[in-house]
Amino acid sequence: MQATLSRLVSGAGAVVDRAALLVMQRAFATGGDARTPADARTLLERVAEAYGRPEHFADPDSFFRPPPLPTPRTRQVRELPGGGAVWDLEWRSSYEPFLPSYRDEHQRYAANLIAHARWYRLPRPRAALVALHGWGGGTWAFEERAFVVRTWLRAGLDVVLFQLPFHGRRTPRGTRSGLLFPSSHVVRTNEAFAQTIFDLRALAALLADRDLPTVGAIGMSLGGYATALWASVTRDLGFAVPMIPAVSFADLLWRHGEGSRARRRAEERGVSHALLEQVFRVHAPLERAPLVPHDARFIIAGRGDRITPPDQAERLWQHWDRPSIHWFPGGHLAQTGRGDAFRALRRFLVERGFATPRSPHEPHEPHEPHEPHEPRSPQ
């Protein structure tokens, strides 16, 4: 009976995901180049060569360059129950694109040059949990619920919601969140992943400067990809939790584009799955060994996921030497069973000293608004 219910839940989740894929495919094409040029293969080969230098893999800092410590502007949003407060942070992203030919375009996206984070700060946190949203996300109110922020605050963790490049308040005027990243504009996509890590390293340095004992990360979908990448290029993280993660953009583009006019045009011009792998290799999590300790890695995945299908999480699990993993029966959007996943994650963090055990009277996923109490400045 239980197996039958799991199959039904997974199937329902898959239906929702397939409908969403149609919307995502159209948006992805819109955010990139309008047409596939006749010399697409030659252009992509040049891009792959430029980003694929051996030193980028021998020394991650050669591509994912370390940032200076930021000096953020802060604004109190509200107070937290029991002490502490919610603060909005923003600082200028001083990221300089790797490819000189992209630098002028990068500077034109003025909104994307400012990094934004929302910090839920407790008086005495055990650790900070940086939460990275999925494609098209980044709205504070939505992400607060998606990542069950109240649960992690009750567990003794600060929570920091971070907006990925070209998302949320970083969305350029006239577009919508996520439209420009990731997209079929491969140079912008590669540079935006480099900017993602640059800004996250700046955030981690800021948190360490404020005496946070440990910084960990959880990310969903695109955020899961960024989490896995972050865990593979720096030692900033005390723990890493990719959730419903993407791990190969080449695979996802090729698979989801099957039968489409865009893929047929690309193939006619000599573009292949192998070539896309080379283009995106510089930021692919599967190309680098994880730097987070093995017992601090935890993967969450959905059996019914059809946007980042289960084999994506399975490949990361294998690459990361089979760490702890929790499967829920739902899909990418209809995440049925994810409450059990978050409870499993909390037990995982408790066992490692990053979180406190759940109280018998504590609700599972509270969404009620915070009540006013004495704030604590992040300064």
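The values are calculated or read from the model by the stated rules, or taken from the named source; none is laboratory data. Remember, predicted model here, so these are calculated numbers, not experimental data. Using ideal geometry, Cβ is built from the backbone for each residue, glycine included, and neighbour counts are taken over all protein chains shown. These area figures cover heavy atoms from the full protein model, side chains too; ligands, DNA and RNA do not enter into them. Shrake-Rupley method; radii C 1.70, N 1.55, O 1.52, S 1.80 Å.
A few comments on the model shown:
- Options Arg103, Arg73: the member that is closer than 16 Å to Gln163 by Cα, open to solvent by 60 Å² or more (accessible area, probe 1.4 Å) and at pLDDT 95 or above: Arg73
- Tally of residues being over 14 Å from Ile300 (Cβ atoms) and among the aliphatic types (A, V, I, L, M) across region 220-230: 3
- Unmet requirement for Gln318, which otherwise passes all of (1) open to solvent by less than 40 Å² (accessible area, probe 1.4 Å); (2) assigned to a helix (DSSP H, G or I); (3) of a type outside the set (D, E, K, R): (1)
- Taking the listed residues Trp91, Trp87, Trp135, Trp119, the one that is in contact with a Pro (Cβ under 8 Å, 6 or more places away or on another chain) and open to solvent by 30 Å² or more (accessible area, probe 1.4 Å) is Trp135, with no other qualifying.
- Test: Arg338 is basic (Lys, Arg) and either within 16 Å of Ile244 (Cα to Cα) or without any contact (Cβ under 8 Å) to a residue 40 or more places away in the chain (or both): yes
- Scan region 268-287 for residues that are at pLDDT 95 or above and assigned to a loop (DSSP other than H, G, I, E, B) and the total you get is 1.
- For Gly174, the conditions (1) of a type outside the set (D, E, K, R); (2) assigned to a loop (DSSP other than H, G, I, E, B); (3) out of contact with any helix residue (DSSP H, G or I) (no Cβ under 9 Å at 6 or more places or on another chain); (4) closer than 20 Å to Thr71 by Cα are fulfilled apart from (4).
- Complete set of residues in region 178-203 that are over 15 Å from Tyr102 (Cβ atoms), open to solvent by 10 Å² or more (accessible area, probe 1.4 Å) and at pLDDT 95 or above: Arg201
- Close pairs (6 angstrom Cβ cut-off, 6 or more residues apart or separate chains): closer than 13 Å to Leu316 by Cα in region 223-252, acidic (Asp, Glu) and modelled with pLDDT under 95 anywhere: Ile244/Asp305
- Given (1) closer than 23 Å to Gln335 by Cα; (2) touching a Phe, Trp or Tyr at 6+ places or on another chain (Cβ under 8 Å); (3) buried (at least 21 other Cβ atoms within 10 Å of the Cβ), index of the condition Ala127 fails: (1)
- Residues located in region 321-355, provided they are part of a helix (DSSP H, G or I) and within 19 Å of the chain's Cα centre (by Cα): Arg338, Ala341, Phe342, Leu345
- Qualifying residue in region 206-213 (condition: within 25 Å of Phe342 (Cα to Cα), out of contact with any helix residue (DSSP H, G or I) (no Cβ under 7 Å at 6 or more places or on another chain) and open to solvent by 10 Å² or more (accessible area, probe 1.4 Å)): yes
- Of all residues making up region 291-306, the number that are open to solvent by 10 Å² or more (accessible area, probe 1.4 Å), in a loop (DSSP other than H, G, I, E, B) and touching a residue at least 60 places away in the same chain (Cβ under 8 Å): 3
- The residues listed here are Trp152, Trp254, Trp140; of these, the one that is touching a strand residue (DSSP E or B) at 6+ places or on another chain (Cβ under 6 Å) and surrounded by fewer than 24 Cβ atoms within 10 Å (Cβ to Cβ) is Trp140.
- Of all residues in region 333-379, those that are at pLDDT 95 or above, more than 15 Å from Ile299 (Cα to Cα) and of a type in the set (D, E, K, R) total 2.
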